[in-house]
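First comes the structure, then the notes that go with it.
Read-outs throughout are calculated quantities, based only on the coordinates presented, and are distinct from any laboratory measurement. Note that the structure is predicted; figures quoted are calculated from it, not measured. Neighbour counts are summed over all protein chains in view; Cβ atoms, including those assigned to glycine, are modelled from backbone coordinates with ideal geometry.
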Amino acid sequence: MPILNFKDNMYRSHTCGELNAQQIGNKVTLSGWVQKVRNKGFMIWVDLRDRYGLTQLIFDEERSSKELMEKAGNLAREFVIQVEGTVIEREAKNPNMATGEIEVLVDDFKILNSSKTPPFTIEDETDGGEDLRMKYRYLDIRRNPVKNKLMFRHQVGMKVRNYLSNQGFIEIETPYLIKSTPEGARDFVVPSRMNEGQFYALPQSPQTFKQLLMVGGMDKYFQIVKCFRDEDLRADRQPEFTQIDCEMAFVEQEDILNIFEGLTMHLLKEIKGVDVAEFPRMTYDEAMKKYGNDKPDIRFGMEFAELDDLAKNKGFNVFDQQELVVGIAVPGAASFTRKEIDNLISWVKRPQIGANGLVWAKYNEDGTLKSSVDKFYSQEDLAAWAEATGAKPGDLMLVMAGDAAKTRSQLSALRMHLGNELGLRKADEFAPLWVVDFPLLEWDEETERFHAMHHPFTSPKKEDFALLETEPGKVRANAYDLVLNGNEIGGGSIRIHDKETQSQMFKYLGFTPEEAKAQFGFLMDAFQYGAPPHGGIAFGFDRLVAILGGQESIRDFIAFPKNNAGRDVMIDAPAKLDNDQLDELHLQLKL
Ligand code: ASP
């Protein structure tokens, strides 16, 4: 038995991902997890894994002692071991593996820790379902698909930090225990033990603090920061998420768009190797008209065509009554079977979409037109629809009608659905754009009040200011969103920076002067001490990373995500507090 030479402070001379033919003959020390054991009796192979890769270890009756063979025979999955051995050439080389040219003939090894049998296999293709993997997330992170995504996230974060830092931005941390910052969601609150009956709110974003930093003269701020919003979790949202939050002083909208277009181009180039041209800009109104959506995916066409003039008053009274008749041309879909079309009709009628129906018209390859409403529309009528929607022979036109806003949003959902089904939303294609000129205010049916569409600190366009009294819904804001492949990845605005306008804005939003003072007095006070003109933007970092990583879901790019009910199933949070803790916080539960 060779005398081992494990140095106390050296767990490894190499990682499990780096040995190759160059090191053949060398003595090495490796540490890692046992991924797999293949025991043929006379020979035992062990795949040893760490963050960097896999290395094959070999124990061989002819070259290894009996004790060593026995000890190796007892190894099981996920044991943590430290191995000393010699790099040898592999007989059966594996060109798909970074270390596939070699294996390590083990002199001896030490078990650093044993492991229970893991609840799922720690391999790229695992047998573990989502719930199980979330409960044992620390095991899931050992798997390449998750590990690689976390490493990718780090890389994107580094590129962002370097880019912004090179542009003169300073990363400044802002507090988490604050007062409400309205971003349109509910606050998570934290009771204060030392201030009886009082609560902090966790920031929905660092919005007011970054504005105060501008008053403080830090004219280029950024922060990669956690934000907290207590919303009903629609698919793929997290109650805590990360933003790249930025603010600049002495800038206009154009300056901000330029800097952050630069950042996005830089990331696409550095991370995806993709060059994109200057980003197109589209007004909010145009986006809604053309795509029924303020975050259009422009990787594919199927732009909306409004058909009111062509489809109303032709005897089809289903259309006549409606505010809007609007259609799209689906490329190559004239070949859809009756069943496929019926499926689409059922799809839009589901409660999630809520459409009343869907009219279809095929533009056949032979130039004839056939529709579900042939009784009412002649070939010429349908040809006019084709002209308006841009349908060509071989395409299928789909038409919806109803309340304008609802119908646009339903047709938009259908367009995206078809984009997915027809493979038009290609993960390796990137089509960014700016959506600008958002409305300042948005009518809320429930509260019967106007709400800030972005947030209450967004400045109205000067030329629309007068409309605030007469037609508040028509006022446009100096607000912009950066959209990438159908996702809003960033949004921001030029801010109000004088007390007068800010107080007026609070008034329009239904705050009494007292309420405004109680909630945002600190900001309006600050505006009286030489607040510079300023504006900013925040990117959704989780989403940005997922898109750059070619995925739709953000969850895998977050080390410890929460489930759809906002729970962390690994640590089992949220959880009850015991009575002592409640007493200390002066809290009594109503339950
Ligand atoms: N605070 C805003 C948000 O979280 C971004 C901004 O206006 O800069 O969406």
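Report the paramagnetic label zone for Leu233: residues of region 117-146 whose backbone N is under 15 Å from a point 7 Å from Cα along the Cα-to-Cβ axis.
Those under the cut-off are 130-137.
How would you classify region 99-141 from its alpha-carbon gyration tensor, with a ≥ b ≥ c the square roots of the eigenvalues: rounded for a/c under 1.5, else prolate if a/b is greater than b/c, otherwise oblate?
It comes out oblate by the Cα gyration axes.
Can you pull out the chymotrypsin sites (Phe, Trp or Tyr not before Pro) in region 246-299 whose DSSP state is coil and whose Cβ has at most 14 other Cβ atoms within 10 Å? Intermediate values should be presented prior to the final figure.
Numbers: sites: Phe250, Phe260, Tyr284, Tyr291; in loops: Phe250.
Here the chymotrypsin sites (Phe, Trp or Tyr not before Pro) that fit, given the DSSP loop and packing criteria, are Phe250.
How about region 350-396: which trypsin sites (Lys or Arg not before Pro) there lie in a loop by DSSP and see at most 11 other Cβ atoms within 10 Å?
Details: sites: Lys362, Lys370, Lys375; in loops: Lys375.
When the trypsin sites (Lys or Arg not before Pro) of region 350-396 are filtered for loop state and at most 11 Cβ neighbours within 10 Å, Lys375 remain.
Given contacts defined as C-alpha pairs under 8 Å and at least six residues apart, what's the relative contact order of the chain, whole-number percent? Walk me through the numbers on the way to the answer.
On the way: 1086 pairs, mean separation 74.5, N = 591.
Normalised by residue count, the contact order of the chain is 13 percent.
Among Met288, Ala311, Ala329, whose Cα lies farthest out toward the positive end of the dipole of region 281-331, if unit charges sit on the beta carbon of Lys, Arg (+1) and Asp, Glu (-1)?
It is Ala329.
In nm, to one decimal, how far is the modelled label at Asn317 from the one at Arg51, with both set 7 Å along Cα→Cβ?
Using points 7 Å along Cα→Cβ, the separation is 7.1 nm.
Give the long-range amide H neighbours of Ser371: residues separated by 5 or more places, or on another chain, with amide H under 5 Å away, using H modelled in the peptide plane at 1.01 Å from N.
Lys362
Please report, in debye to the nearest 20, how large the charge dipole of region 298-438 is about its Cα centre when each Lys and Arg carries +1 at its beta carbon and each Asp and Glu carries -1 there.
Details: 16 positive and 20 negative charges, 110 e Å.
Approximately 520 debye in magnitude.
Ordered by packing density, taken as the mean number of other Cβ atoms within 10 Å over each peptide's residues, highest first, how do 312-323, 234-245 rank? Don't jump to the answer; show the numbers that get you there.
Values: 312-323: 14.3, 234-245: 17.6.
Output ranking for 312-323, 234-245: 234-245, 312-323.
Give the order of Ser378, Ser31, Ser412 when sorted by the count of other beta carbons within 10 angstrom, beginning with the fewest.
Ser378, Ser31, Ser412
Jot down the per residue volume, in cubic angstrom and as a whole number, of the convex hull over the alpha-carbon atoms of region 166-216.
Values: hull volume 5.4 nm³, N = 51.
That works out to 107 Å³ per residue.
In whole Å, what is the distance between the alpha-carbon centres of region 392-411 and region 511-578?
35
Using helices alone, I'd like the mean residue ellipticity at 222 nm for the chain: each DSSP H run of four-plus residues gives -39500 (n - 2.57), total over residue count, nearest 500.
-8000 deg cm²/dmol, from helical runs alone.
Report ³J(HN,Hα) in whole Hz for each residue of region 472-478, in order, from the Karplus equation J = 6.51 cos²θ - 1.76 cosθ + 1.60 where θ = phi - 60°; Gly and Pro get x.
Couplings: x, x, 8, 6, 9, 10, 7 Hz.
Would you be so kind as to identify which of Leu585, Gln207, His454 lies farthest towards the positive end of the dipole of the chain, taking Lys and Arg as +1 and Asp and Glu as -1 on Cβ and the Cα centre as origin?
Toward the positive end, the furthest listed residue is Leu585.
Once the convex hull of the C-alpha atoms of region 454-528 is built, how many Å³ does it hold per residue, rounded to a whole number?
Dividing the Cα hull volume of region 454-528 by its residues yields 109 Å³.
Within the P(r) computed for region 550-591, what percentage of the Cα pairs occupies the region above 16 Å?
Counting pairs separated by more than 16 Å, the tail of P(r) holds 56 percent.
Once Rh is set to the Kirkwood radius over Cα pairs, what Stokes-Einstein translational diffusion coefficient, in µm²/s, holds for region 481-574 at a temperature of 37 °C and a viscosity of 0.692 mPa s?
Translational D for this selection: 196 µm²/s.
For region 279-320, what size does the Cα cloud have along each of its three principal axes, sorted from largest down, in whole Å?
Projected onto the principal axes, the Cα atoms of region 279-320 cover 44, 19, 13 Å.
In debye to the nearest 20, how big a dipole does region 21-113 give about its Cα centre with +1 on each Lys and Arg Cβ and -1 on each Asp and Glu Cβ?
300
Lys339: which lysines have alpha carbons under 24 Å from its alpha carbon, excluding same-chain residues fewer than 8 sequence positions away?
Lys349, Lys362, Lys370, Lys375, Lys392
Taking one equal scatterer on every alpha-carbon of region 64-122, how large is log10 of I(q)/I(0) by Debye at q = 0.12 1/Å?
-0.39
Please provide three numbers in whole Å: the alpha-carbon extents of region 49-88 along the principal axes, with the largest listed first.
On the principal axes, region 49-88 reaches 31, 23, 12 Å in Cα extent.
Rounded to whole Å and sorted largest first, what semi-axes of the equivalent ellipsoid does the C-alpha gyration tensor of region 300-424 yield via the square root of 5 times each eigenvalue?
19, 19, 13
Taking just the alpha-carbon atoms of the chain, what radius of gyration and Dmax come out, in angstrom?
Cα only, the chain: 30.3, 96 Å (Rg, Dmax).
If you take the beta carbon distance between Asn166 and Tyr138 as r and set R0 to 35 Å, what does 1/(1 + (r/R0)^6) give as a FRET efficiency, to the nearest 0.05?
For R0 = 35 Å, the calculated efficiency reads 0.45.
Can you compute log10 of I(q)/I(0) for region 21-113 with the Debye formula, treating each Cα as one identical point scatterer, at q = 0.15, 0.16, 0.19 Å⁻¹?
Debye output, listed in q order: -0.50, -0.57, -0.83.
Using only alpha-carbon positions, what ratio does the radius of gyration of region 360-504 give when scaled by 2.2 N^0.38 Å? Walk me through the numbers before you get to the answer.
Working: Rg = 21.1 Å, N = 145, 2.2 N^0.38 = 14.6 Å.
Normalised Rg, Cα atoms only: 1.45.
Putting +1 on Lys and Arg Cβ atoms and -1 on Asp and Glu Cβ atoms, find which of Ile554, Thr512, Gly301 reaches farthest to the positive end of the dipole of the chain.
It is Ile554, whose Cα lies furthest towards the positive end.
Based on Cα coordinates alone, diagonalise the gyration tensor for region 528-579, multiply each eigenvalue by 5, take square roots, and list the semi-axes in whole Å, largest first.
Sorted largest first and rounded, they come to 33, 24, 7 Å.
Counting other Cβ atoms within 10 Å, which trypsin sites (Lys or Arg not before Pro) in region 506-591 have at most 14 and lie in a DSSP loop?
In loop regions of region 506-591 (DSSP not H, G, I, E or B), the sparsely surrounded trypsin sites (Lys or Arg not before Pro) are Lys576, Lys590.
What number in nm² do you get for region 183-269 if you take the convex hull of its Cα atoms and divide its surface by four?
Across all orientations, region 183-269 yields a mean hull projection of 8.2 nm².
For region 70-191, what is one quarter of the convex hull surface built on the Cα atoms, given in nm²?
Mean orientational projected area (region 70-191, Cα hull): 14.8 nm².
Any idea what diffusion coefficient region 432-589 gets from Stokes-Einstein, in µm²/s, Kirkwood Rh on alpha carbon pairs, 25 °C, 0.890 mPa s? The partial results should precede the final answer.
Numbers: Rh = 19.0 Å.
Rounded, D is 129 µm²/s.
Given charges of +1 on the Cβ of Lys and Arg and -1 on the Cβ of Asp and Glu, with all other atoms neutral, how large is the dipole of the chain about its Cα centre, in debye to the nearest 20? Don't skip to the end; give the middle numbers.
Details: 72 positive and 93 negative charges, 271 e Å.
About 1300 debye.
With the crude spin-label approximation of a point 7 Å out along Cα→Cβ, what separation in nm comes out for Asp525 versus Asp498?
Distance between label points: 2.3 nm.
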